Amino acid sequence: MTDADSCGMCKDMHLDENEHSILIGSTRATHTRIARNQAHRGYSLVVLREHITDLGDLSSEQLQAFWSDVQRAGRAIAATFEPRKIDYLVMGHRMPHLHCHVFPQHSEDDPLRNVDISDGPHFAPIESFHADARALRSAWERLGALSG
Ligand SMILES: [Zn+2]
């Protein structure tokens, strides 16, 4: 599953809503999405638009754009949900399309425990999940306006 035609992320990363997440915003390089599983409130993903499987295959311009968008997502999450810390995870053995998990750790999360993005699942009531998505989107948009 390494080509774009059979890639699950290429199929649905741009949709307003898909099975796993809701779109927060898009740049020329990426889509930022908030995960439906909110075991860690604010948990989001930044997905490269282009089907590239490995960080090592990015040009320096793509690399800069990708991490800049990851930073923007982290800042928006910090402003909205005030986690104690944010973990940034680039994996992809299961889903080989370059993306970064932006994974907030809150005061109730044990810092000595290994990070597990499959914690939960915890699905908030849909109204409060949508309210969180709106709050995150407005922080994300403010940060974009600030950076020009
Ligand atoms: Zn893909």
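The values are calculated or read from the model by the stated rules, or taken from the named source; none is laboratory data. Quick caveat, the model's predicted, so the values are computed rather than measured. Methodologically, a virtual Cβ is constructed for each residue, glycine included, from the backbone with ideal geometry; neighbour enumeration extends over all protein chains shown.
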Expected output for region 90-102 (first residue at pLDDT 95 or above and among the β-branched types (Val, Ile, Thr), partner within 9 Å of the ligand (Cβ to nearest atom) and assigned to a loop (DSSP other than H, G, I, E, B), Cβ below 8 Å, 6+ apart or cross-chain) is VAL90/LEU98
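Return yes when ASP110 is within 14 Å of the ligand (Cβ to nearest atom) and exposed (fewer than 15 other Cβ atoms within 10 Å of the Cβ) and no when it is not. Working first, answer last.
Numbers: within 14 Å of the ligand (Cβ to nearest atom): no; exposed (fewer than 15 other Cβ atoms within 10 Å of the Cβ): yes.
It is false that ASP110 is within 14 Å of the ligand (Cβ to nearest atom) and exposed (fewer than 15 other Cβ atoms within 10 Å of the Cβ).
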Considering residues of region 1-33 that are small (Gly, Ala, Ser) and touching a strand residue (DSSP E or B) at 6+ places or on another chain (Cβ under 6 Å) only, the residue farthest from the ligand (Cβ to nearest atom):
GLY25
Selected residue (criterion: surrounded by the most Cβ atoms within 10 Å (Cβ to Cβ)) from residues of region 48-104 that are touching a helix residue (DSSP H, G or I) at 6+ places or on another chain (Cβ under 9 Å) and among the β-branched types (Val, Ile, Thr)
VAL102
Residues to consider are HIS51, HIS40, HIS93, HIS97; find the one that is away from the ligand (no atom under 14 Å from the Cβ), assigned to a loop (DSSP other than H, G, I, E, B) and farther than 22 Å from ALA124 by Cα.
HIS93
